[in-house]
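I have placed the structure first, in the form of structure tokens, so that the comments after it can refer back to it.
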Ligand code: GLN
């Protein structure tokens with residue numbers, strides 16, 4: 001089997017055993033990128049020389065007997081929102097074009113130390129605002145399952161790169177669904193860790209009370225290995241959690257779910273959902289039952305108002321966070337010809353540097369926070385957030401995990417929702433509640449929809465710091481479906 005078809009775990013052990021070098025593995029993936037990248041366009045930045053240099057350095061470290069982690073030498077693609085000291089970091093915005101951070105994000109730094117080799121920086125919706133990657137200031141990314149469709153968003157470059165076998169692993173950030181939704185629509189595994197379980201240090205901020213870095217992989221164990229390699233307490237992030245957490249790798253290796261109590265969220269499986277998504281979802285629930293889990297229906301009525309609450313809270317935080325792009329400190333500066341005031345230069349730069357969705361969010365957020373409106377909008381949304389957290393807590397008194405479809409539909413055509421923000425926002429209907437509460441949540445492939453043959457994701461939600469439960473249930477679903485299908489769901493990226 002060619003190197004690009006191997007799992008990250010297999011590649012890691014082959015490299016550790018000296019069966020193949022990190023350089024050879026990197027070259028195989030760069031070769032694949034050369035073939036398919038013109039069609040997929042998952043990357044914003046690649047630099048073969050830097051990649052090979054990194055791989056060579058890992059080979060040297062390993063030969064010198066240095067003990068690196070299980071993923072040493074394995075290639076990875078990073079969403080272009082993680083700061084990298086040796087590569088540009090743009091958040092897919094013109095306002096940061098050409099900026100090179102002077103430091104690494106904690107996630108990228110820890111992964112370098114563990115010996116992972118960076119293939120490049122992946123495309124996203126500008127500042128992670130969107131569900132399709134069409135809001136990138138540079139170009140859209142195409143879904144490897146059907147190139148005329150979106151790969152989800154905002155981390156659509158990272159999901160497409162893994163689904164297209166350009167990279168075995170990638171990173172993303174999930175503020176309202178930006179890891180789970182792209183994972184679902186490209187047929188791969190995506191995990192939003194517990195908020196505070198992975199460090200935000202060096203990640204360009206969108207909505208700081210929600211932003212959560214997490215892993216993408218083609219199988220549950222690989223996602224767990226990556227999760228474990230970068231997560232954990234970081235003193236550089238003030239909301240990082242300093243507490244022991246159960247091993248997600250062990251959980252991914254122990255797919256026994258007999259006796260587990262699984263709650264089916266009643267509100268997320270009816271009207272407005274694509275029939276083929278619901279069929280695969282109901283089958284997955286039956287499968288869990290057949291594996292010995294106890295399935296109960298759970299009602300969380302406030303989950304249906306999570307979406308409007310999120311679209312007040314996230315833009316409010318964004319309007320504050322994005323104030324730093326003032327033409328003085330980073331990236332673009334427009335109209336600074338000596339005749340204009342700083343304020344004029346700032347206005348010209350922000351007008352030219354931000355795209356339409358980012359401007360929409362800044363205006364929404366500024367409005368929601370302005371005096372006279374604050375209580376009615378931002379304040380009210382915060383109350384909804386509290387109610388949602390309480391509903392989760394009540395549900396987790398009865399069950400160990402909750403499940404729902406990850407998305408209401410499969411991947412939609414490029415261009416279909418770009419002029420209809422409400423339709424775009426609905427892609428995150430099922431994912432947003434776990435962001436508002438800070439809970440852990442995963443998307444794992446559960447089949448292909450009959451009507452379009454496109455991937456469907458099962459969402460598995462767990463209490464704060466119980467990320468391991470997502471991996472245990474995810475691994476159970478994956479194993480059961482693989483034995484039913486006689487192999488991994490994503491055998492080939494079909495349109496490549
Ligand atoms: N699609 C959602 C939004 O546009 C979520 C984005 C995210 O998780 N970064 O805000």
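Being more than 16 Å from the ligand (Cβ to nearest atom) and closer than 30 Å to residue 473 by Cβ is the requirement here; does residue 271 meet it? Working first, answer last.
Working: more than 16 Å from the ligand (Cβ to nearest atom): yes; closer than 30 Å to residue 473 by Cβ: yes.
Considered against the rule, which asks whether it is more than 16 Å from the ligand (Cβ to nearest atom) and closer than 30 Å to residue 473 by Cβ, residue 271 comes out as yes.
Residues in region 18-33: is at least one out of contact with any helix residue (DSSP H, G or I) (no Cβ under 9 Å at 6 or more places or on another chain) and modelled with pLDDT of 95 or more? Reasoning before the result, please.
Going through region 18-33, the residues out of contact with any helix residue (DSSP H, G or I) (no Cβ under 9 Å at 6 or more places or on another chain) turn out to be none.
No, that holds for no residue.
Table: residues versus (1) closer than 14 Å to residue 241 by Cβ; (2) touching a residue at least 24 places away in the same chain (Cβ under 8 Å); (3) within 11 Å of the ligand (Cβ to nearest atom); (4) out of contact with any helix residue (DSSP H, G or I) (no Cβ under 7 Å at 6 or more places or on another chain).
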position	(1), (2), (3), (4)
175	no, yes, yes, no
179	no, yes, yes, yes
187	no, yes, no, no
197	yes, yes, no, no
202	no, yes, no, no
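Show the residue pairs meeting these rules: Cβ distance below 8 Å; 6+ apart or different chains; first residue within region 417-432 and free of Cβ contacts under 8 Å to residues at least 40 places away in the same chain; second residue in a loop (DSSP other than H, G, I, E, B).
If the second residue must be in a loop (DSSP other than H, G, I, E, B), the pairs left are 423/416; 423/417.
Find the residue count for region 262-273, including only residues that are loosely packed, with under 15 Cβ neighbours inside 10 Å and in contact with a helix residue (DSSP H, G or I) (Cβ under 6 Å, 6 or more places away or on another chain). Explain how you work it out, then say what you get.
Restricting attention to region 262-273, the residues satisfying the condition of being loosely packed, with under 15 Cβ neighbours inside 10 Å are 266, 270-272.
Keeping just the survivors that are in contact with a helix residue (DSSP H, G or I) (Cβ under 6 Å, 6 or more places away or on another chain) gives none.
Of the residues in region 262-273, 0 are loosely packed, with under 15 Cβ neighbours inside 10 Å and in contact with a helix residue (DSSP H, G or I) (Cβ under 6 Å, 6 or more places away or on another chain).
Take the residues of region 38-50 that are touching a helix residue (DSSP H, G or I) at 6+ places or on another chain (Cβ under 9 Å) and in contact (Cβ under 8 Å) with a residue 40 or more places away in the chain: which is surrounded by the most Cβ atoms within 10 Å (Cβ to Cβ)?
Going residue by residue through region 38-50, those that are touching a helix residue (DSSP H, G or I) at 6+ places or on another chain (Cβ under 9 Å) are 40-44, 46, 48.
Add one more test, that the residue is in contact (Cβ under 8 Å) with a residue 40 or more places away in the chain, and what stays is 40-44, 46.
Numbers: 40: 25, 41: 22, 42: 31, 43: 22, 44: 24, 46: 20.
Restricting to residues being touching a helix residue (DSSP H, G or I) at 6+ places or on another chain (Cβ under 9 Å) and in contact (Cβ under 8 Å) with a residue 40 or more places away in the chain, the top hit is 42.
Any idea which of (1) out of contact with any helix residue (DSSP H, G or I) (no Cβ under 6 Å at 6 or more places or on another chain); (2) farther than 22 Å from residue 326 by Cβ; (3) part of a loop (DSSP other than H, G, I, E, B) is the one residue 99 doesn't satisfy?
Among (1) out of contact with any helix residue (DSSP H, G or I) (no Cβ under 6 Å at 6 or more places or on another chain); (2) farther than 22 Å from residue 326 by Cβ; (3) part of a loop (DSSP other than H, G, I, E, B), residue 99 violates only (2).
Is region 389-399 home to any residue that is touching a strand residue (DSSP E or B) at 6+ places or on another chain (Cβ under 6 Å) and more than 15 Å from residue 318 (Cβ to Cβ)?
Within region 389-399 (the criterion being touching a strand residue (DSSP E or B) at 6+ places or on another chain (Cβ under 6 Å) and more than 15 Å from residue 318 (Cβ to Cβ)), the answer is yes, since at least one residue qualifies.
Applying the selection to region 274-304, what residues are under 20 Å from residue 396 (Cα atoms) and exposed (fewer than 15 other Cβ atoms within 10 Å of the Cβ)?
289, 292, 296, 297, 299, 301, 304
Condition check ((1) under 25 Å from residue 174 (Cβ atoms); (2) loosely packed, with under 15 Cβ neighbours inside 10 Å; (3) modelled with pLDDT under 95) across all residues:
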{"position": "61", "(1), (2), (3)": "no, no, no"}
{"position": "67", "(1), (2), (3)": "no, yes, yes"}
{"position": "72", "(1), (2), (3)": "no, no, no"}
{"position": "80", "(1), (2), (3)": "yes, no, no"}
{"position": "85", "(1), (2), (3)": "yes, no, no"}
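Of all residues in region 144-171 being within 22 Å of residue 354 (Cβ to Cβ) and in contact with a helix residue (DSSP H, G or I) (Cβ under 8 Å, 6 or more places away or on another chain), which is nearest to the ligand (Cβ to nearest atom)?
If we take residues in region 144-171 being within 22 Å of residue 354 (Cβ to Cβ) and in contact with a helix residue (DSSP H, G or I) (Cβ under 8 Å, 6 or more places away or on another chain), then 154 is nearest to the ligand (Cβ to nearest atom).
Would you confirm, using the coordinates I've provided, whether residue 141 is part of a loop (DSSP other than H, G, I, E, B), within 16 Å of the ligand (Cβ to nearest atom) and in contact (Cβ under 8 Å) with a residue 24 or more places away in the chain? Working first, answer last.
Numbers: part of a loop (DSSP other than H, G, I, E, B): yes; within 16 Å of the ligand (Cβ to nearest atom): yes; in contact (Cβ under 8 Å) with a residue 24 or more places away in the chain: yes.
Spelling it out, residue 141 is indeed part of a loop (DSSP other than H, G, I, E, B), within 16 Å of the ligand (Cβ to nearest atom) and in contact (Cβ under 8 Å) with a residue 24 or more places away in the chain.
Considering only residues that are exposed (fewer than 15 other Cβ atoms within 10 Å of the Cβ) and either within 28 Å of the chain's Cα centre (by Cα) or in a loop (DSSP other than H, G, I, E, B) (or both), which ones fall in region 337-351?
Pass one, region 337-351, residues exposed (fewer than 15 other Cβ atoms within 10 Å of the Cβ): 337-344, 351.
337, 338, 339, 340, 341, listed by residue number.
The values are calculated or read from the model by the stated rules, or taken from the named source; none is laboratory data. Quantities reported herein were computed from a predicted structural model and do not represent experimental measurements. Neighbour counts are summed over all protein chains in view; Cβ atoms, including those assigned to glycine, are modelled from backbone coordinates with ideal geometry.
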